Amino acid sequence: MATRFAWALLLVGALAWGGNVLTTDEMPPYSFRDADRQMQGAAYALVTALAARIPEPPMLDIVPWARAVETTRSNPGTLMYPLARTPSRESSYSWVMPLLTDDIVLVSKPSFIADPGKPMRVGVMRGSVIQELLGPQGVMRWDESPDQSTAFRKMVAGRTDAWISTREVAEYIIRSGGGDTTQYRFSSPVARVVLYLAANPAYPAEQAKQWQAAMNAIRQDGTLAAIKARYEKGPLIVAP
């Protein structure tokens, strides 16, 4: 309750002075706190570099994902990142600019051999945009888990045949648990997801243009190249 009240005060204060609020949740490896509680990740690095070049920089805050979604949908001065662009979300947001793109892959143990005569049992995080992007799959039978780590553990335990995720998330989950990504089989990309900086549908067009101008600025002064070099082995940074 106290956290919710504090967030409400922050939002009211930001809207009162006419500024914007930029929200995100911890979404490793795109945006997360490291062992020293410092924010890291390609999305965080890119968005904060852009925000620093906005005439009136937005207030930055990390909130639970559901609250970020609710706030962005209901308040014109709010943005959020990184949000996957899907058909069901298209009209609910103003898509300011793409930030990252990542491949959707199947991860399995090397010993797994698919049986053409029956669908694969594929672990997926409940509510994941992957199910929407791929649609009904006759060759896959979804096994939903509350989070990515649980879906991974089910695959390791043999309760599912494979686990579907974005490549960067899958590699992060495996490494964070002390595992070795080379001990698992990664499929060729099944699809690709693009993660955006998104805003309320009523977000002013002139302010959206400021973000585009900020992107041009970090491209010209070398900041974008430096971020890309730092995260060259991570999700692909896309610049509009």
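Below is a table of values for the structure above.
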read-out	value
Whichever residue in the range 73-86 is among the hydroxyl-bearing types (Ser, Thr, Tyr) and within 19 Å of residue 30 (Cα to Cα) and, among such residues, is surrounded by the most Cβ atoms within 10 Å (Cβ to Cβ)	81
Whichever residue in the range 161-195 is surrounded by fewer than 22 Cβ atoms within 10 Å (Cβ to Cβ) and assigned to a strand (DSSP E or B) and, among such residues, is farthest from the chain's Cα centre (by Cα)	185
Test: residue in the range 142-158 that is assigned by TED's automatic domain parsing to the domain that holds residue 181, among the hydrophobic types (A, V, I, L, M, F, W, C) and modelled with pLDDT under 90	no
Residue count, the range 110-133 (criterion: surrounded by fewer than 14 Cβ atoms within 10 Å (Cβ to Cβ) and either more than 16 Å from the chain's Cα centre (by Cα) or of a type in the set (Val, Ile, Thr) (or both))	8
Flag if residue 132 is in contact (Cβ under 8 Å) with a residue 24 or more places away in the chain and not assigned by TED's automatic domain parsing to the domain that holds residue 81	yes
Residue 89 vs. criteria outside any strand (DSSP E or B) and surrounded by fewer than 21 Cβ atoms within 10 Å (Cβ to Cβ)	yes
Any hit, the range 51-67, residues being modelled with pLDDT of 90 or more and either polar (S, T, N, Q) or in contact with an Asp or Glu (Cβ under 6 Å, 6 or more places away or on another chain) (or both)	no
Residue match in the range 120-128 (condition: more than 30 Å from residue 68 (Cβ to Cβ) and of a type in the set (A, V, I, L, M))	yes
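Each row is one residue, and each column tells you yes or no for (1) within 20 Å of residue 201 (Cα to Cα); (2) charged (D, E, K, R); (3) assigned to a loop (DSSP other than H, G, I, E, B); (4) assigned by TED's automatic domain parsing to the domain that holds residue 211.
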position	(1), (2), (3), (4)
36	no, yes, yes, yes
60	yes, no, no, yes
72	yes, no, no, yes
83	yes, no, no, yes
111	no, no, yes, no
118	no, yes, yes, no
124	no, no, no, no
127	no, no, yes, no
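The values are calculated or read from the model by the stated rules, or taken from the named source; none is laboratory data. From a predicted model like this one, the values you see are computed outputs, not experimental measurements. Glycine also receives a Cβ, built like all others from the backbone with ideal geometry; neighbour counts cover every protein chain displayed.
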